[in-house]
Amino acid sequence: MSTKTIENFFTGKTLVIPSYQRDYAWRERNVDDLFADIEEALEAGGGHYLGTFILSQTDRSAPVHVVDGQQRLTTLTMLLDALIAVVQDPDIQQHYRNVFIRHPVSGFKFRVLGENEVFFRQLLDGQAGQAHSDGQERLQAAHRWIRQRVHALAQSGGQEAITRWLQCISQMEVLEFIEPNEGKAIRMFQSVNDRGVPLARMDIVKSLLVYYSNRYLDAQLDEHIAQQFGRAFRSFSRIKRLGGELGYKIRQIDRDAFREDDVLRYHYLAFDASGLGVPSGGDYSATSDTVLETFLKPALTTLRADKARLEAFIRAYTDDLTDFFGALEQLVEQSRQDVNAYLLWVVQDLSATLYPLIIRLHLKGWTGLASERDARSLVELLALVDLRVFKLRGTNPQADIFRITRELGSSTVESVARDLLAFCERFMPDQLMRSRLVDEDMYRNPAVQRLLLQIEQDDRAAVGEGPLDLAALVALVSDGLTVEHVLPQDPDNSFSVVGYGFPDATDYDLLKHRLGNLLLLEGRINSACNNRTVEAKVTEPNLYRGSMLCSVRGVAAKCANPNTRFDRSMLVERSTDIAAVVAGRWPV
């Protein structure tokens with residue numbers, strides 16, 4: 001352990017970010033914080049503490065792995081490169097470039113290994129192309145912001161300011177820990193961070209497994225654990241990227257609160273450790289803390305006296321966790337290629353309670369299989385469960401789904417299908433579903449878009465139009481697919497409820513959110529409709545008649561007949577018709 005200036009810290013080293021590390025995570029506000037630290041050091045006129053770096057180096061000639069500090073070091077390298085690039089004195093520029101960027105003999109002073117290595121190098125060279133991950137996007141955004149701030153600094157302070165900044169950064173101080181054993185360095189990283197900003201549970205789990213490997217297995221699994229967790233982190237990065245793209249947004253995944261720790265918890269709910277000599281998790285309401293404190297730590301403590309069993313457990317758990325992340329990535333990717341997957345993940349927004357079950361079924365290769373008693377595949381039955389129980393009924397029977405998930409090790413496709421159908425029959429039988437569809441408000445029900453899309457597909461088939469394919473669905477969702485009230489939900493004073501067959505305003509308020517009064521409609525047309533009368537909506541060419549949705553044009557066509565008006569009776573009739581279609585499309 002030693003304190004060094006930044007210049008001494010870089011001297012004699014090739015610093016590398018191992019490929020198993022997380023992607024770059026800093027944003028503009030974090031870059032601004034670094035700038036503020038340097039400005040504070042400039043004002044103080046002396047050394048300034050920049051932070052701690054935990055490193056691993058097997059011998060003096062080997063590259064130095066950055067175990068902790070990669071975000072600051074990556075950002076600092078981009079800042080130094082940007083400052084050096086605007087220095088006009090060639091001698092000064094060459095000096096700093098040799099110290100911080102590329103030594104004439106040993107080569108690049110700082111490298112980001114793995115899939116970001118070429119991108120990062122091209123970024124510094126001003127040649128970076130399209131970013132292919134959210135980490136690369138953040139790298140690109142930080143690099144752009146650094147360049148803009150350095151440009152502003154050069155404009156306001158000239159070459160003198162740039163030189164002062166380089167001199168100041170060179171003399172800033174860092175605390176350096178170097179540990180020859182990378183496993184111990186990772187454990188040190190956990191210990192240091194446990195006293196500061198709380199780590200994600202995924203990071204702590206990785207450190208804990210490395211610690212047990214290092215202490216009880218002679219570090220045999222250190223590298224394997226690090227590599228597997230690196231794969232899991234990369235899978236999650238892609239999951240977040242895919243789930244946040246316009247036209248493909250998955251609301252469960254696109255939430256800021258959705259993190260690796262959620263997938264860690266889903267895995268706990270689906271991981272059977274009984275064959276490895278430890279009790280399996282039995283808490284369907286488990287948090288990520290539960291995974292760590294009541295499952296992993298006790299399991300590792302129990303097994304540590306038996307090297308063979310400990311090694312088998314760590315390897316099985318780590319590999320299965322990585323595969324679990326990869327399976328979720330593959331399932332999300334399917335929404336780019338398959339209409340039904342798109343409908344399930346993007347339109348229907350599959351309940352997160354079902355994530356452990358669908359991921360485990362995918363890993364077993366069962367999602368596309370059907371039982372003898374029902375022609376629908378297991379993934380179709382999962383869609384049925386989600387739509388009927390979690391969406392239409394609005395309940396979340398976690399314990400029942402947890403039981404089905406936990407029993408997969410001894411289940412068959414036949415038994416899983418039977419359990420899912422029984423689950424639907426218990427929580428949302430046909431009669432209850434029909435009555436809800438007809439008699440209850442559906443406007444804010446999370447199933448409504450999926451139901452109305454089915455009506456759209458049926459209406460298209462009825463008039464000889466081809467079904468909406470994946471490209472058409474993506475275009476609709478990208479442009480803004482909204483739920484429209486045919487009769488206005490907030491009518492103005494000119495609207496006569498009696499004129500549309502309602503006995504009074506109370507009856508109108510009771511029925512206005514029913515399924516029969518709802519249409520899927522492009523967002524731009526919905527905005528244009530505003531509070532227009534239904535007669536205007538069905539007659540003006542840029543409103544319902546201008547929609548690409550057959551079901552919307554069908555309402556306009558029906559109302560084009562003489563003496564036909566969208567009123568209370570049509571609303572009730574349409575609710576009943578839609579309920580019949582839904583019951584036929586998604587039966588138990």
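Below, the figures for the structure above:
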{"read-out": "Members of region 540-575 found to be of a type in the set (D, E, K, R), within 16 Å of D459 (Cβ to Cβ) and open to solvent by less than 80 Å² (accessible area, probe 1.4 Å), listed by number", "value": "R553, R574"}
{"read-out": "Contacts under 7 angstrom Cβ, first residue in region 1-25 being of a type in the set (D, E, K, R), partner part of a strand (DSSP E or B), 6 or more apart", "value": "K4/E173; K4/V174; K4/E176; K13/V64"}
{"read-out": "Tabulated pairs, region 233-262, first in a helix (DSSP H, G or I) and of a type in the set (V, I, T), second open to solvent by 50 Å² or more (accessible area, probe 1.4 Å) and at pLDDT 90 or above, C-beta under 6 angstrom, 6+ apart or interchain", "value": "none"}
{"read-out": "A399 being surrounded by fewer than 16 Cβ atoms within 10 Å (Cβ to Cβ), part of a helix (DSSP H, G or I) and either of a type in the set (A, V, I, L, M, F, W, C) or touching a Gly at 6+ places or on another chain (Cβ under 6 Å) (or both)", "value": "yes"}
{"read-out": "Qualifying residue in region 121-130 (condition: under 28 Å from E333 (Cβ atoms), in contact (Cβ under 8 Å) with a residue 60 or more places away in the chain and not in a loop (DSSP other than H, G, I, E, B))", "value": "no"}
{"read-out": "Filter pass, A152 being out of contact with any Phe, Trp or Tyr (no Cβ under 7 Å at 6 or more places or on another chain), open to solvent by less than 60 Å² (accessible area, probe 1.4 Å), of a type in the set (A, V, I, L, M, F, W, C) and without any contact (Cβ under 8 Å) to a residue 40 or more places away in the chain", "value": "yes"}
{"read-out": "Residues of region 21-47 satisfying the condition of being open to solvent by less than 20 Å² (accessible area, probe 1.4 Å) and either under 30 Å from H224 (Cβ atoms) or not small (G, A, S) (or both)", "value": "Y24, V31, L34, F35, I38"}
{"read-out": "Test: residue in region 282-291 that is at pLDDT below 95 and touching a Gly at 6+ places or on another chain (Cβ under 9 Å)", "value": "yes"}
{"read-out": "Test: residue in region 380-389 that is out of contact with any helix residue (DSSP H, G or I) (no Cβ under 8 Å at 6 or more places or on another chain) and of a type outside the set (D, E)", "value": "no"}
{"read-out": "Selection count, region 58-113, where residues are of a type in the set (V, I, T) and in a helix (DSSP H, G or I)", "value": "7"}
{"read-out": "Residues that are part of a loop (DSSP other than H, G, I, E, B) and either aliphatic (A, V, I, L, M) or within 36 Å of the chain's Cα centre (by Cα) (or both), drawn from region 557-588", "value": "A560, W586, P587, V588"}
{"read-out": "Residues within region 281-305 that are open to solvent by less than 40 Å² (accessible area, probe 1.4 Å) and either in a loop (DSSP other than H, G, I, E, B) or in contact with a Phe, Trp or Tyr (Cβ under 9 Å, 6 or more places away or on another chain) (or both), tallied", "value": "10"}
{"read-out": "Yes/no for D349 being in a helix (DSSP H, G or I), under 26 Å from R231 (Cα atoms) and touching a helix residue (DSSP H, G or I) at 6+ places or on another chain (Cβ under 7 Å)", "value": "no"}
{"read-out": "Pairs where the first residue, in region 48-67, is more than 16 Å from A226 (Cα to Cα) and the second is aliphatic (A, V, I, L, M) and not in a strand (DSSP E or B), C-beta under 6 Å, 6+ apart", "value": "H48/A41; H48/M172; L50/M172"}
{"read-out": "Failed item in (1) surrounded by fewer than 18 Cβ atoms within 10 Å (Cβ to Cβ); (2) more than 19 Å from E179 (Cα to Cα); (3) over 34 Å from the mean Cα position of the chain (by Cα); (4) at pLDDT below 90, with E7 passing the rest", "value": "(4)"}
{"read-out": "Top-ranked residue of region 523-539 - restricted to ones that are closer than 28 Å to D469 by Cβ and aliphatic (A, V, I, L, M), ranked as surrounded by the fewest Cβ atoms within 10 Å (Cβ to Cβ)", "value": "A528"}
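The values are calculated or read from the model by the stated rules, or taken from the named source; none is laboratory data. Being a predicted model, the structure only gives us computed values, none of them experimental. Positions of Cβ are generated from backbone atoms using ideal geometry, with glycine treated the same way; all protein chains shown enter the neighbour counts. Side chains are part of the model used for accessible areas, which takes the heavy atoms of the whole protein and leaves out ligands, DNA and RNA. Shrake-Rupley method; radii C 1.70, N 1.55, O 1.52, S 1.80 Å.
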